[in-house]
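Worksheet: one structure, shown below.
Read-outs throughout are calculated quantities, based only on the coordinates presented, and are distinct from any laboratory measurement. From a predicted model like this one, the values you see are computed outputs, not experimental measurements. Note that each Cβ is placed from the backbone with ideal geometry, even for glycine, and that neighbours are counted across all protein chains shown.
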Amino acid sequence: MELDSLYQQVILDHYKRPLHKGLSKNSGVQVHHINPSCGDEVTVKVSVNDGVVAEVTWDGVGCSISQASVSMMSDLVTGLGIKEANVILDEFTALMQSKGTSAGDPEILDDAVAFAGVSKYPARIKCALLGWMAFKDASVQAQAQ
Amino acid sequence: MSNSSSPLDTAVIRRDFPIFTRTVRDGKKLVYLDSGATSQKPESVISAEANFYRMHNAAVHRGAHQLAEEATEAYEGARESVAKFLRATVDEIIFTKSATESLNLLAYAFSSGDSLNRFQIKRGDRIVVTEMEHHANLIPWQQLAKRTGAELVWFEVTPEGRLDLSKISELINSDTRIVALTHQSNVLGTINPLEQIVARAHEVGAVVVLDACQSAPHKAIDVEKLGVDFLTFSGHKALGPTGIGVLWGRSELLEDLPPFLFGGSMIENVSMLDATWAPSPRRFEAGVPNMAQAVGLASALEYLTNVGLEKISAHELLLTEQLLAGLANIEEAKVFGPESTVDRGGTVSFTVGAIHPHDLGQYLDSQGIAVRTGHHCAWPLTRKFGITATTRASFYLYNDASEVDALLAGIAGAQEYFKDK
């Protein structure tokens with residue numbers, strides 16, 4: 001069914017068994033982002049060492065799309081240079097704004113291409129971007145330190 | 001299951017609403033259960049609004065020509081219709097652009113006049129609201145309190161979704177100037193007990209502001225019987241157009257209430273350094289008003305009156321009863337709000353197990369069923385219940401028993417869909 005394009009198995013897997021969930025005790029920049037239209041919340045903590053994303057942990061409450069997205073994001077960017085992480089972030093943002101016309105580049109996005117179906121549902125794009133925007137916010141702050 | 005005892009013939013009513021001729025999500029029948037957010041519009045309302053533009057369009061209350069006369073007559077006729085609908089007098093009806101604007105108008109009027117303004121809120125005064133208010137009837141008062149140094153306090157909500165009145169005398173004390181509350185919760189469906197609250201408020205000299213957005217479209221309102229001092233509702237939730245709201249106030253209060261928006265039409269006399277105000281309701285209607293929308297609203301209220309508000313309430317209660325019974329049979333379902341239909345309207349909020357309301361709403365949408373998910377602009381209330389969101393179904397005169405069945409089947413489908421994934 002059409003709905004399956006939204007709820008890809010890999011998305012539901014991340015929702016049920018999220019990665020990097022639980023905020024780290026290590027030092028880092030912590031931000032709290034809210035989707036005011038639905039009340040979903042995510043806290044993301046990022047530590048950056050020598051231009052490399054050393055650790056991303058998070059906690060939150062929300063729908064499968066928002067929670068799976070932050071889980072996948074945290075796994076994708078950990079260990080990458082900030083520049084590489086930003087390339088993924090930009091590609092993911094572009095995918096979300098594609099209105100269903102893009103399948104996403106798996107070379108860049110890896111499993112996150114599963115979110116391509118979200119771009120056909122305008123009300124859910126903010127859900128998918130919630131964790132990514134929090135990462136962007138935290139990583140910019142971390143670099144400024 | 002169907003409710004043969006319903007006083008409404010929904011099949012006939014639905015024919016008046018053009019939107020029900022379309023389908024959604026690849027040919028599915030539209031099951032619209034989101035009237036608490038906004039109602040659908042009958043053809044008569046759409047025509048009335050369009051016809052104003054086609055045949056009578058001119059700025060009201062000005063212009064020495066026939067169209068201006070016709071426009072004024074249509075607009076003032078709409079005011080009479082609203083007055084009749086609320087059992088009020090015509091000078092007590094103020095048109096705003098929305099209920100939100102109505103409530104902001106009051107909150108600003110209570111702090112914008114000179115010091116002789118008897119409504120002026122000041123430090124030491126108290127404003128009482130409830131924990132179940134829509135943001136539109138919370139934030140204007142919260143900000144009024146911040147502007148003036150007044151104190152904001154509130155009635156709490158019990159686990160059953162009723163107002164906790166046990167501390168009414170302490171909450172509404174002698175410092176209290178305003179008591180603002182909703183007639184019917186847009187989340188829980190709870191209809192609040194006004195009599196006791198109004199009596200206590202008036203005992204201490206406070207005014208009662210009633211948000212009737214969720215009640216006026218569904219049940220007969222008589223402002224005298226309610227005993228409140230101000231009441232507001234929005235047109236678009238009552239089959240009317242967007243861009244039109246109503247504020248009713250007792251004439252002896254409106255007489256002294258300072259204006260909120262300044263400009264054309266609301267003046268009596270103007271010099272370069274000063275101005276005086278027209279009497280109510282024009283004092284509160286600065287600028288060229290939303291005329292076509294007022295005319296559309298009058299047509300909507302006429303439609304509701306012709307069907308009969310008593311019948312509409314009775315019909316919605318049957319659907320509510322059916323949904324509550326159906327949800328009670330779903331082990332994972334939890335209802336937020338009264339589980340009986342006593343003092344309750346046709347709005348039901350619920351969660352289903354671990355399925356996030358957004359995901360449930362998305363599944364229902366794939367079946368053609370339109371519901372609302374989220375905090376429903378009552379964030380403090382959902383937080384009180386320790387949740388981030390609920391799914392909400394809200395009924396109106398065009399819904400029928402088969403749509404409640406469709407919703408219940410949709411919930412079962414969502415449980416199945418998300419079960420093994």
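Hey, which of these cross-link pairs are over 20 Å Cα-Cα: B:Lys41/B:Lys225; A:Lys120/B:Lys28; A:Lys99/A:Lys126; A:Lys83/A:Lys126?
The answer is B:Lys41/B:Lys225; A:Lys83/A:Lys126.
Given segment B:219-339 reduced to its alpha-carbon atoms as identical point scatterers, what log10 I(q)/I(0) does the Debye formula return at q = 0.16 Å⁻¹?
-0.95
Can you tell me which of B:Ser280, B:Ser166, B:Ser185 moves the most in a GNM of chain B? Springs connect C-alpha atoms under 10 Å apart.
B:Ser166
Just the number, please: percent antiparallel of the DSSP beta bridges in chain B, rounded to the nearest 5.
Roughly 60 percent of the DSSP beta bridges within chain B come out antiparallel.
Shielding by partners for B:356-365, please: the mean number of other protein chain Cβ atoms within 10 Å of each residue's Cβ.
What the average comes to for B:356-365 is 6.
Among A:Met96, B:Met132, A:Met133, which comes first, second and so on when ranked by fewest other beta-carbon atoms within 10 Å?
So the ranking, lowest neighbour count to highest, is A:Met133, A:Met96, B:Met132.
With a Cα-only, solvent-free Debye model of chain B, what are the log10 I(q)/I(0) values at q = 0.09, 0.11, 0.13, 0.14 Å⁻¹?
-0.58, -0.85, -1.14, -1.28
Which length gain, in nm to one decimal place, applies between B:Ser402 and B:Gln143 when the Cα-Cα distance is subtracted from 0.36 nm times their residue separation?
88.8 nm
Report the label-to-label distance for B:Thr276 and A:Glu84 in nanometres (one decimal), using points 7 Å from each Cα along the Cα→Cβ vector.
Taking the two extended label points, one gets 7.8 nm.
Cα-based Rg of segment B:315-407 per 2.2 N^0.38 Å, rounded to two decimals?
Ratio of Rg to 2.2 N^0.38 Å for segment B:315-407: 1.02.
With the alpha-carbon atoms as the only input, what is the per residue convex hull volume for the protein assembly as shown in Å³?
Value for the protein assembly as shown: 188 Å³ per residue.
What trypsin sites (Lys or Arg not before Pro) in segment B:20-78 are in a loop by DSSP, with at most 11 other Cβ atoms within 10 Å of the Cβ?
Within segment B:20-78, the qualifying trypsin sites (Lys or Arg not before Pro) (loop, at most 11 other Cβ atoms within 10 Å) are B:Arg22.
Estimate the FRET efficiency between B:Glu255 and A:Ile34 by the formula 1/(1 + (r/R0)^6), using the beta-carbon distance for r and 45 Å for R0, to the nearest 0.05.
0.55
Could you work out the mean count of beta carbons from other protein chains within 10 Å of each residue's beta carbon in A:55-66?
3
Given points 7 Å out from each Cα along the Cα-Cβ axis, report the B:Glu170 to B:Glu156 separation in nanometres with one decimal.
Going by the 7 Å Cα→Cβ label model, 1.0 nm.
For B:Ser265 and B:Arg22, FRET efficiency with R0 = 30 Å and r from the beta-carbon atoms, rounded to 0.05?
That pair, B:Arg22 with B:Ser265, gives E of 0.15.
Viscosity 0.890 mPa s, temperature 25 °C: what is the translational diffusion coefficient of chain A from Stokes-Einstein with a Kirkwood Rh over Cα pairs, rounded to a whole number of µm²/s?
Here the translational diffusion coefficient equals 164 µm²/s.
Using only C-alpha positions, report the orientation-averaged shadow area of the convex hull of segment B:118-256, nm², one decimal.
Mean projected area of the Cα convex hull: 8.6 nm².
Among bridges DSSP assigns within segment A:2-144, what percent are antiparallel (round to 5)?
That works out to approximately 95 percent antiparallel.
Let me check I've understood the local charge: for B:Val90, count other residues with C-beta under 11 angstrom from its C-beta, Lys and Arg +1, Asp and Glu -1. What total comes out?
My count for the surroundings of B:Val90 gives -2.
As an exercise, use a Förster radius of 25 Å and the Cβ-Cβ distance of B:Asp222 and B:Asn306 to find the FRET efficiency, rounded to the nearest 0.05.
Efficiency computed from Cβ-Cβ geometry: 0.85.
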